[in-house]
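J.: Sharing a structure here in structure tokens format.
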Amino acid sequence: MKLAGLMTTSALALTMMTPQAFAEVTFGALFPFSGQLALLGEESARGLEIAVDEMNAAGGVQGEQIVLERGDAVDNNQAIGEARRLISLSGVKAIFGSYSSARSIAASQVAELAGIPFFELGAVADEVTSRDFKYLFRTNPTADHMGKLIVEMIVEKVAPGLGKAPGDLKIGIIHEDSSYGTSVAGHQERYGKEAGLNIVTTMPYPAATVDMSSMVLDLQSRGVDVVLQTSYQNDSVLFLQQASEAGYKPSAIIGGGGGYSMLPTAEAVGNDVIEGVLDADFTQYAVNTDFTPGLESFVETYRTKYGMEPRSGHSLNNYVGALAILKAIDAAEGLKPDQIVAAVSAIDIPQGQTAAGYGVQFGEGNQNQRASMMGMQWQDGTLVTVYPPEAAAAEMRFAQ
Amino acid sequence: MNIFLQLVANGLMLGGLFAIISIGLTLIFGIVKVVNFAHGEFLMAGMYLTWIITVGLGLHPYVTVLAVAPFLFVLGAMTQRFLIQPLLLARDDHVQIFATVGLSTALINLALLIFGADIANTPASGLRAPVQIGPVRILEGQVYIFIAAVLLVIGLQLFLSRTQTGRAIRAVAQNRAAAQLMGINVDRIYVLSFGIGAACVGLAASLVAPLYPVSSTIGTYFVLTAFVVVVLGGLGSIVGAFVGAMIIGLIDSMAGFYIGSDLREAVVFGVFLVILILKPSGLFGTRVSLSHIS
Amino acid sequence: MQRTETFAPPAARPVYLRPAALALATVLAALFLIPVVVGDAFIYHVFITICIFAGLSTAWNIVGGYAGQLSLGHAMFYGIGAYAGMILMNMGVSPWIGMFAGAAVAVVASVVISYPCFRLHGPFFALATIAFLEVFRVLALHFRDVTGGAMGMMIELKLGWEWMVFRERLPALVIAYGMMLVCLGVAWAIREHRLGYYLVATRERESAAKAAGVQTVRVRLLAVSASAALTAMMGTFHAMYLTFIEPAAVFSLTFSIQIAMFALIGGIGTIYGPLLGAVLLVPLTEIARGALGAQALGLHGFVYGVVLLLVVLFMPNGIMGALSRFTREKAAETPSQAGPVVSMPRAETRPPLGAEVMRVEGLQKHFGGLHVTNNVSFTLREGEILGLIGPNGAGKTTVFNMISGFMRPNGGTVSVLDRDGKMHQPVSPGDFAALGVGRTFQIVQPFASMTVEENIMVGAFYRHPHVNDAREVARETAHRMGLAPWLHAEARGLTIGGLKRLEVARVMAMQPRILLLDEVMAGINQTDVRRAIDLMLSIRDTGVSIIAIEHVMQAVMSLSDRVIVLSSGEIIAEGKPQDVVRDPQVIEAYLGKDFVHADH
């Protein structure tokens, strides 16, 4: 009896948690706010929050102020639960998310079945947009863009800079073995083969590892010239440190996002070790700002709001994606799902017009076909954009 | 050949790391007969403390051991006194296991709450400098860890065999009831042993922190490896833990090179399972029954 | 309350179960009705999650609770089910079929994994299961051709009952609810039948369970198989519900711990505890997440950990444990005085001794260089009482262990007459039990957490596989042994005398033809010794042969037809009791010169 009472009470409590107010429109912010992915989940959400603040300051969307309802997608089952909660209890008009590809795939399924638009601003796996969903849009560049950019960078910049033909470089790919590393490495291999690169080894490893010395020895003994690593923070630090300690100095190390773009990584390994290391990632902050209008004011707002420097480019890219979407929703005829979808589908922002540099236009599978990554290099303790040339803030350097 | 030597050197250094982390675990294991699933989180707590003191006061990380080891001693003693001791008479092992699992969950999330999800870097203070010995390169800090592990093993052995308290601890470990009859305060010995075991982790934390960045989840990886080491070495055997750590370090290093980095975990756990099934008393284990029930 | 109890027929369940049944029905009904009535998608999700976790925890409890094997790797079976369903679905096979395929694979895996791990208990079994889980996860990552590797697997959105994927929420709830009921049903059936009693007995005392004829390995494997199959089927459904799986999420240690935690909080080893745990904790988690989760990193996980600690400290037997303590306090106190052993009416004349039922020839046993048993031979006839005496350390219990299958002799044979009239040479405790050899242990081995009745039932099941028959026999036996007043008391609460009687009662309930009694009279009072002697004589008169190790000389003298004296592992005298005690060699062995040898 008591139990049944409790059940009813909790069900009621859950039902009554719905906030309702006038002249407000609620959107869901579905990110991993706790658990292993919390750091970058939070960082991503900040970009969305800044975009929402900016819209609200300018009068909201369609005259209504935007309220963000947070959902914590700590695991896949939870992502589904939170998506359901946002849709049915909070009555959100759309969901923004989600940093993690696995959470995105799980939660967007719910949104699709419920007919609520889902805007992915940061997850990179191909599978997110390979499902031909009607209500799912992705603004950010993907694993495919990353693999492609890295290979282009090797062919066009690194090889000439080292004074070698691209095919003569021995390339070793190492990657953490979750979906992120695996999919980026897959694209690196594919584009690398197309470009005629000589990939001598591909080695996955678990991101939680505490020792990579065996892998370093393996790369060393194969004489690898260019190491491509796709990694999180801990393993980026570990590899850079252990490589330098083993006296292994490849001609170039190119990181794929994750730990390579983060200042704590540089602090952890020291400037002399990370100097010259290349990185492909979402647009970061040291970039030719002619190509990224709005970047400086974003950084300014971020500093004021959170009292620190942005910790990675995730916030910027979420901001850019969210802002483009919110502006489109503002211009839509109403807030019904199909009206939102129609407005978003019509977005047409050319390259060089957003704070991240890339334009927005949705193509196949509702993927932003203008999205692209950028190539960066650690120079004198900061991460400077060096590729593509139109966005470059400095020239790529090579140690001789 | 040079590669092989380097692999062996890496393996031994990794073994030193595993050893210094596992010794406290095997001590608690052997005496209190409790598997401390929160052991990795003790390490994490110690590493954070090392980081705070080093960064805050600008001290050499090794100096912090003077604060970290006592802090962990207290943490361990309190865990025993307020968490494990009330459960020692519990119906079965389930509750003890869940108690330490709960403690582990709480500590991980507490760290997340306090320190956020960022990694925290203890200044290396020159400990990351490579040392060239013949054809192999190893880190200064790794050498110190290895030496510390050896000294810790010797020190604990002497403590357990030469001192009154040490002998009392051994008596309790061998036969709780008999020790009680001989007038030994068993509960006090348990609290003391848990504290000493945790203090060993404190020592490990101060030594490891300059070499590895600390995050809230760092304990998880180490603790599983430490379990493997302890079971391989034999229940409660300190020398066994050391030898076990060396073996696991070598296997880890070799498997990473010859088999593949993604499968090395499977190899290590495979070895663990084979040992558990074929020789559950481990390499140096006494004929202790693993059964707590019958 | 009391009145109801007085008039309740003896076979009825204790009274408190009736409101409990009502509460159970209410919870089960609420689980289905609340989401249907509220009709909200999120509420549906919460309740589907409750059903999934309740089902998983219930399945886990069969191994972790009943069998006492603390698995922290149960996610591997869940994962096998999830992957089997997913892979087959993408090949065009309905998950309804995939579910059983997954279950079959999980059963095979569980047997292969568990068999070598059964000698490990408590934390070691837990560690082994964690290690297996890690191995599974790494392999799932590695073999990406089959599993999709780290990228995971997705299903095509084919809707409908056939594919277990729906746009509406009700059907998913119906399936989750139905599967949870199946899990509960299986758990209930196991617990209420012989298998459940055997599992708990094995958990409590493996050796005593073996002596009671329980094939301990077999029953555990059955439990693990059932648990793995149910877990895998749940996994298949959950994969369809999530529409996406990946190794990190599926073969997850956190997930395994969560499953076990619901059972712990509800009450490990009880039928409905896991259900209760999930019903209370899942909504609580949801509310906590809503209230805390987004505020600060880790706060919600911290609260979770602390709650777990508090439950462990203050409610180690879970909610069910707390509830039953509450109800038990209300129930009448069990009588505290020693009940008398009922004197049995005995036949006037004793039947003549029958044929040889056991023949022991040249039994040898040595540990290292030490001969514990040296060339021991004797025979036992039907209806005979054979006393086995000797100083401490003479090797009496070792001989017992060898003639009941608990220890293999290094040499010599033990033959037991079967009902078909042929001599057999049994090997394992199970073989001996099958031939009608029952034994007690010198150090009593009760199934501590079971009631006296249940203890005896474990023995009774040997001849009476049905619960009601076994209960009947157990009650009868308890009555004969003077244990009737404590039928529903937990065995752990008995005095040493009571435990000795319980030990005999459990063996008697097996209706053995040969009874091996190891010091059943040590430590009981004079009156009880007298009654125990009467009891043994009456047992003998029913044609049962008895070998008794005994120190109480009064009992030995008045009971035994024949006495064997063992010293330093050898038979030094054999004959009628009154002759043997006068044997100088015997006197020497007991009192004097050879003392040092005899003692060790």
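The values are calculated or read from the model by the stated rules, or taken from the named source; none is laboratory data. Nothing here was measured: the structure is a model prediction, and the numbers come from that model. For neighbour counting, all protein chains shown are included, and Cβ atoms are generated from backbone atoms with ideal geometry for every residue, glycine included. Side chains included, ligands, DNA and RNA excluded: accessible areas come from the protein's heavy atoms. Shrake-Rupley method; radii C 1.70, N 1.55, O 1.52, S 1.80 Å.
J.: Restricting attention to segment C:87-99, does a residue exist that is surrounded by fewer than 23 Cβ atoms within 10 Å (Cβ to Cβ), without any contact (Cβ under 8 Å) to a residue 40 or more places away in the chain and not aliphatic (A, V, I, L, M)?
T.: yes
J.: Within the group B:Leu110, B:Leu66, B:Leu89, B:Leu103, which residue is open to solvent by 20 Å² or more (accessible area, probe 1.4 Å), modelled with pLDDT under 85 and of a type in the set (A, V, I, L, M, F, W, C)?
T.: One residue alone meets the criteria, B:Leu89.
J.: Which of the following residues is under 21 Å from C:Gly196 (Cα atoms) and open to solvent by 20 Å² or more (accessible area, probe 1.4 Å): C:Arg475, C:Arg501?
T.: Among C:Arg475, C:Arg501, only C:Arg475 is under 21 Å from C:Gly196 (Cα atoms) and open to solvent by 20 Å² or more (accessible area, probe 1.4 Å).
J.: Could you list, ordered by first residue, the pairs with Cβ atoms under 6 Å in which the first is in segment B:142-163 and closer than 14 Å to B:Thr26 by Cβ and the second is of a type in the set (A, V, I, L, M), at least 6 apart or interchain?
T.: B:Ala149/B:Ala19; B:Ala149/B:Ile20; B:Leu152/B:Ile23; B:Val153/B:Ile238; B:Leu156/B:Ile238
J.: Residue check: is B:Ala205 at pLDDT 90 or above and open to solvent by less than 20 Å² (accessible area, probe 1.4 Å)?
T.: Spelling it out, B:Ala205 is indeed at pLDDT 90 or above and open to solvent by less than 20 Å² (accessible area, probe 1.4 Å).
J.: Tell me, please, whether a residue that is part of a helix (DSSP H, G or I), within 21 Å of the chain's Cα centre (by Cα) and either under 21 Å from C:Tyr44 (Cβ atoms) or more than 10 Å from chain C (Cβ to nearest Cβ) (or both) can be found in segment A:90-104.
T.: Yes, because at least one residue in segment A:90-104 is part of a helix (DSSP H, G or I), within 21 Å of the chain's Cα centre (by Cα) and either under 21 Å from C:Tyr44 (Cβ atoms) or more than 10 Å from chain C (Cβ to nearest Cβ) (or both).
J.: Considering only segment B:102-212, give the helices (runs of 4 or more DSSP H) lying wholly within it that have at least 1 residues that are within 14 Å of chain C (Cβ to nearest Cβ).
T.: The qualifying helices (runs of 4 or more DSSP H) are B:176-181.
J.: Shifting gears a bit: Give me the pairs: first residue in segment A:110-132 and open to solvent by 40 Å² or more (accessible area, probe 1.4 Å), second residue modelled with pLDDT of 90 or more and charged (D, E, K, R), beta-carbon distance under 7 Å, and six or more apart or on different chains, which are they?
T.: Matching pairs, first to second residue: A:Asp126/A:Asp144.
J.: Go over the candidates A:Ser221, A:Ser236, A:Ser231, A:Ser244 one by one and state the one that is closer than 30 Å to A:Gly41 by Cβ and within 11 Å of chain B (Cβ to nearest Cβ).
T.: None of the others qualify; the one that does is A:Ser236.
J.: Another one. Would you check if there is a residue in segment C:193-202 being assigned to a helix (DSSP H, G or I) and facing chain B (nearest Cβ under 10 Å)?
T.: yes
J.: Which condition number in (1) touching a Phe, Trp or Tyr at 6+ places or on another chain (Cβ under 9 Å); (2) more than 15 Å from C:Leu222 (Cα to Cα); (3) β-branched (Val, Ile, Thr) is the one that C:Ile113 fails?
T.: The one condition C:Ile113 does not meet is (2).
Condition check ((1) in a loop (DSSP other than H, G, I, E, B); (2) small (Gly, Ala, Ser); (3) modelled with pLDDT of 95 or more) across all residues:
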{"position": "A:Val124", "(1), (2), (3)": "yes, no, no"}
{"position": "A:Arg131", "(1), (2), (3)": "yes, no, no"}
{"position": "A:Lys134", "(1), (2), (3)": "yes, no, no"}
{"position": "A:Phe137", "(1), (2), (3)": "no, no, yes"}
{"position": "A:Asn140", "(1), (2), (3)": "yes, no, no"}
{"position": "A:Gly147", "(1), (2), (3)": "no, yes, no"}
{"position": "A:Pro160", "(1), (2), (3)": "no, no, no"}
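J.: Among the residues of segment B:25-48, which ones are more than 24 Å from C:Ile257 (Cα to Cα) and more than 14 Å from chain C (Cβ to nearest Cβ)?
T.: Listed by number, the residues that qualify are B:Leu27, B:Ile31, B:Gly46, B:Met47.
J.: Here's a follow-up. From the set of residues in segment C:138-163 that are surrounded by 24 or more Cβ atoms within 10 Å (Cβ to Cβ) and modelled with pLDDT of 85 or more, which is farthest from the other protein chains (Cβ to nearest Cβ)?
T.: The selected residue is C:Ala140.
J.: Give the residue, chosen from C:Asp561, C:Asp541, that is open to solvent by 20 Å² or more (accessible area, probe 1.4 Å) and in contact with an Asp or Glu (Cβ under 7 Å, 6 or more places away or on another chain).
T.: C:Asp561
J.: Follow-up. What pairs can you find where one residue is in segment C:220-247 and at pLDDT below 95, the other is charged (D, E, K, R), and their Cβ atoms are less than 6 Å apart, with a gap of 6+ or different chains?
T.: C:Pro247/C:Arg137
J.: May I pose another question? Consider A:Ala83 against the criteria (1) away from chain B (no Cβ under 14 Å); (2) part of a helix (DSSP H, G or I); (3) touching a helix residue (DSSP H, G or I) at 6+ places or on another chain (Cβ under 6 Å); (4) under 21 Å from A:Val320 (Cβ atoms): it satisfies all of them except one. Which criterion is unmet?
T.: In the conditions (1) away from chain B (no Cβ under 14 Å); (2) part of a helix (DSSP H, G or I); (3) touching a helix residue (DSSP H, G or I) at 6+ places or on another chain (Cβ under 6 Å); (4) under 21 Å from A:Val320 (Cβ atoms), A:Ala83 misses (4) alone.
To keep it simple, each residue is scored yes or no on (1) in the same structural domain as C:Ala532 (by TED's automatic domain parsing); (2) in contact with a Phe, Trp or Tyr (Cβ under 9 Å, 6 or more places away or on another chain); (3) at pLDDT 85 or above.
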| position | (1), (2), (3) |
| --- | --- |
| C:Phe302 | no, no, no |
| C:Arg328 | no, yes, no |
| C:Glu333 | no, no, no |
| C:Ala338 | no, no, no |
| C:Thr349 | no, no, no |
| C:Ser377 | yes, no, yes |
| C:Gly393 | yes, no, no |
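J.: Any chance segment A:291-311 includes a residue that's among the small types (Gly, Ala, Ser), touching a strand residue (DSSP E or B) at 6+ places or on another chain (Cβ under 7 Å) and not in a helix (DSSP H, G or I)?
T.: no
J.: OK, next. Which residues, taken from segment A:274-290, are outside any strand (DSSP E or B) and either open to solvent by 20 Å² or more (accessible area, probe 1.4 Å) or not polar (S, T, N, Q) (or both)?
T.: Within segment A:274-290, A:Ile274, A:Glu275, A:Gly276, A:Val277, A:Phe282, A:Tyr285, A:Val287, A:Asn288, A:Thr289, A:Asp290 qualify.
J.: Restricting to segment C:375-425, name every residue that is of a type in the set (Gly, Ala, Ser) and either farther than 13 Å from C:Leu363 by Cβ or under 29 Å from the mean Cα position of the chain (by Cα) (or both).
T.: C:Gly383, C:Gly387, C:Gly390, C:Gly393, C:Ala394, C:Ser404, C:Gly405, C:Gly421
J.: Still on this model: Do the conditions hold for A:Ala195, that is, is it facing another protein chain (nearest Cβ under 7 Å) and either open to solvent by 40 Å² or more (accessible area, probe 1.4 Å) or modelled with pLDDT under 90 (or both)?
T.: For A:Ala195, the condition - facing another protein chain (nearest Cβ under 7 Å) and either open to solvent by 40 Å² or more (accessible area, probe 1.4 Å) or modelled with pLDDT under 90 (or both) - is not met.
J.: Further question on the same structure: The conditions are (1) farther than 20 Å from C:Ile155 by Cβ; (2) out of contact with any Asp or Glu (no Cβ under 7 Å at 6 or more places or on another chain), and C:Trp96 fails exactly one of them. Which is it?
T.: Going through the list (1) farther than 20 Å from C:Ile155 by Cβ; (2) out of contact with any Asp or Glu (no Cβ under 7 Å at 6 or more places or on another chain), C:Trp96 breaks only (1).
J.: How many residues are open to solvent by less than 10 Å² (accessible area, probe 1.4 Å) and in contact with a Lys or Arg (Cβ under 6 Å, 6 or more places away or on another chain) when one looks only at segment C:372-382?
T.: Going through segment C:372-382 one residue at a time, the tally reaches 1.
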